[in-house]
Structures are given as C-alpha cells and as structure tokens.
Amino acid sequence: MASKQGISMATNLLKTLTGASSIVRSNTRSLSGVVSSEVITSHTEKWMQDTSKKSPMELISEVPPIKVEGRIAACEGDSPALGHPIEYICIDLPEPAICKYCGLRFVQDHHH
C-alpha cells in the first residue's frame, strides 16, 4: 500500500514539474521523453559556444597514456564508484590502446 502511495506521489510531483501528464505513467521507470530535444539541443549549442572551456575530448587528450606492466589493462574510469563498467584492454600493439568508455589511453611498459 505504501509503495503505491509513493509511486502516486512521485508521479504527481513529476507531472507538476514537467507539465506533462500524458508522458508520465505510474509504472514508468525511465524519464525518456520528459526532456524535449529542443532543450537538449539549445543546451548543447550554448555549451559549445563557450570557447573558454575545453571540450571533454580535449581534456581527455591532455592525460598522458598510462603505462601498464603486462599485456592487459583494466579500466574502470576515474574510480570504481563513479567510473564505468570494467573494460579489459589488450595492449600488445605499439600505439596506445583506448578505453571505449572514457577515452583513457594505455601503453605497455617495456623494461628494456
């Protein structure tokens, strides 16, 4: 009974905040469709116009490749709590291997 009341309260709050009664259903767990594409586009354009800030790709490219002993690197992003799913990366090639989630680069540390 309490969970139904909680869902109902959350649904009513979301309807009030978004003004979208037809989008929100009591059994919906996702908020996709609540934020319009116009809002996302205008936010992105506004962010891209600010040339004083570096883009995420520019920031990640400034991080030097991480040297790893062995043939496999394990990447979890910045931290296990705030990172991404763990990815095991083969680093046999001479050029840096790139994590598909965060863009960090890894190279094999040769002890010659």
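The values are calculated or read from the model by the stated rules, or taken from the named source; none is laboratory data. In this text the structure is predicted, and so the values were computed from the model without any measurement. Note that each Cβ is placed from the backbone with ideal geometry, even for glycine, and that neighbours are counted across all protein chains shown. What goes into the accessible areas is simple: the full protein's heavy atoms, side chains included, and nothing from ligands, DNA or RNA. Shrake-Rupley method; radii C 1.70, N 1.55, O 1.52, S 1.80 Å.
A compact table of results
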| quantity | calculated |
| --- | --- |
| Of residues in the range 57-93 being of a type in the set (Ser, Thr, Tyr) and open to solvent by 60 Å² or more (accessible area, probe 1.4 Å), the one farthest from Gln108 (Cα to Cα) | Ser61 |
| Residues within the range 77-99 that are within 21 Å of Glu62 (Cβ to Cβ) and assigned to a loop (DSSP other than H, G, I, E, B), tallied | 10 |
| Criterion (at pLDDT 70 or above and either in a helix (DSSP H, G or I) or of a type in the set (A, V, I, L, M, F, W, C) (or both)) met by exactly one of Leu31, Leu59 | Leu59 |
